[in-house]
1. Could you list all residues from the range 36-52 that are open to solvent by less than 20 Å² (accessible area, probe 1.4 Å) and free of Cβ contacts under 8 Å to residues at least 60 places away in the same chain?
2. Filter the range 330-346 for residues that are touching a Leu at 6+ places or on another chain (Cβ under 6 Å) and β-branched (Val, Ile, Thr); which is surrounded by the fewest Cβ atoms within 10 Å (Cβ to Cβ)?
3. Among Ala194, Ala184, Ala188, which is more than 21 Å from Arg71 (Cβ to Cβ), in contact (Cβ under 8 Å) with a residue 12 or more places away in the chain and open to solvent by 20 Å² or more (accessible area, probe 1.4 Å)?
4. Being modelled with pLDDT under 95, outside any loop (DSSP other than H, G, I, E, B), small (Gly, Ala, Ser) and more than 20 Å from Leu204 (Cβ to Cβ) is true for just one of Ala277, Ala312, Ala345. Which residue is that?
5. Quick one: is Glu82 modelled with pLDDT of 95 or more and in contact with a Cys (Cβ under 8 Å, 6 or more places away or on another chain)?
6. Where residues in the range 254-274 are open to solvent by less than 40 Å² (accessible area, probe 1.4 Å) and part of a strand (DSSP E or B), which of them is nearest to Leu227 (Cα to Cα)?
7. Which members of the range 197-223 meet the condition of being in a loop (DSSP other than H, G, I, E, B) and either out of contact with any strand residue (DSSP E or B) (no Cβ under 9 Å at 6 or more places or on another chain) or under 30 Å from Val381 (Cβ atoms) (or both)?
8. Might you check whether a residue that is among the basic types (Lys, Arg), more than 21 Å from Phe19 (Cβ to Cβ) and in contact with an Asp or Glu (Cβ under 9 Å, 6 or more places away or on another chain) occurs anywhere in the range 201-223?
Amino acid sequence: MRILHILDHSLPLHSGYAFRTAAILREQRALGWQTFHLTSPKQGSGTSLSEECEGFCFYRTPSDEGVGLLRQMRLTAARIDELVREISPDVLHAHSPVLNALPALWVARRHRLPLVYEMRASWEDAAVDHGSTTEGSARYRISRMLESFALRNADQVTTICEGLRQDIVVRGVRDSRVTVIPNAVDVADFAHGAPADESLRRELGLDGRTVLGFVGSFYGYEGLHLLVEATARLAERRSDIHLLLVGGGVQQDALASQVDALGLGSRVTFTGRIPHAEIQRYYDLIDVLAYPRLPIRLTELVTPLKPLEAMAQGRMFVASDVGGHRELIRDGETGVLFRAGDTQALVDALDRLLESRAQWPAMQSRARAFVEQERTWANSVGRYRKVYADALAARGRPAPAAA
């Protein structure tokens, strides 16, 4: 089977989106399928038509800086059409956002090819959560209309979690046409209970400290201001507490100002963005991870990758009880949940966990077993077999045999 994936962006850029894509491609190739990969103008401006990265050839869509949305879609459609003629795929597989789905839908119908649309997050909600529009605005309504149009007209739809599946069905897509391909991890990539790098611990001034931590992008919906406030409250009775914030993003300046205002300069360390190959060394320094996501539509519907990665490593963590976390985490068994948006609930959850270290090994073992049994990429990607077969059948085509 020959599958042309249409993507927002890809490696060598680092993001949860790019890492999920790479995992899908590796597992699909293991199934004997041929995968081809095109990125939209969002990969960045330039004239290159392709780029090799980590064993994959990514086709690029040449573009200039500041290209508008309509122009982006025209460029993407022209490039998809060109590649369809060149490689003759059996299936087009467009991944979020809808700016990829609409051009792919046009090309699919032109060449009578089946289209699978993978909605990882709805375009209108992502726009709200990144501040480019407001819920209920004309732009929001138009964005939702376009998203719904793409979902209804794709031959098959996939998504990453149950919350998004329910949202898709509400839009008028038959339940039988929607498949959850959940986020997962390659457990072999994560050392369970790896020892900390003592030289890095000394370099960061963490000797003798109980380290709370977050690793990821500093978006507003991550609720990191709650974690900073919780650190201040814990510091009143725990002299060894320290917060390690690994990453960066739009909230970094606001968080740094909050740290200064609370007088936490000696208790909070910002590492800045760290190369992906080095991230594990920083994870290994953290006693308890925190994921204090705020209760908004995006976090209620979408499951993140970070808690799965923590479970695979045997890391202790607390997480807010938004819907995306509740779908992943069994409270008290594989992690600890607290009331979303409530700083004192976060403080109490951290306190309870720090006071119950004797129970950590059992919880760590359960968490690791959960990802090993239920959340491996091999299990998730295997679900595409039926998705592609049904999409081909909808266009009157048999599923090609695996190589």
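The values are calculated or read from the model by the stated rules, or taken from the named source; none is laboratory data. As the structure is a computational prediction, the values presented were derived from the model and not from experiment. Glycine gets a Cβ as well: all are built from the backbone with ideal geometry, and neighbour counts include every protein chain shown. Only protein heavy atoms, including side chains, enter the accessible area calculation; ligands, DNA and RNA are left aside. Shrake-Rupley method; radii C 1.70, N 1.55, O 1.52, S 1.80 Å.
1. His37, Leu38, Thr39, Pro41
2. Checking each candidate, the answer is Thr343.
3. Ala194
4. Exactly one of Ala277, Ala312, Ala345 is modelled with pLDDT under 95, outside any loop (DSSP other than H, G, I, E, B), small (Gly, Ala, Ser) and more than 20 Å from Leu204 (Cβ to Cβ), namely Ala312.
5. no
6. Here the answer is Val268.
7. Matches in the range 197-223: Asp197, Asp207, Gly208, Tyr219.
8. yes
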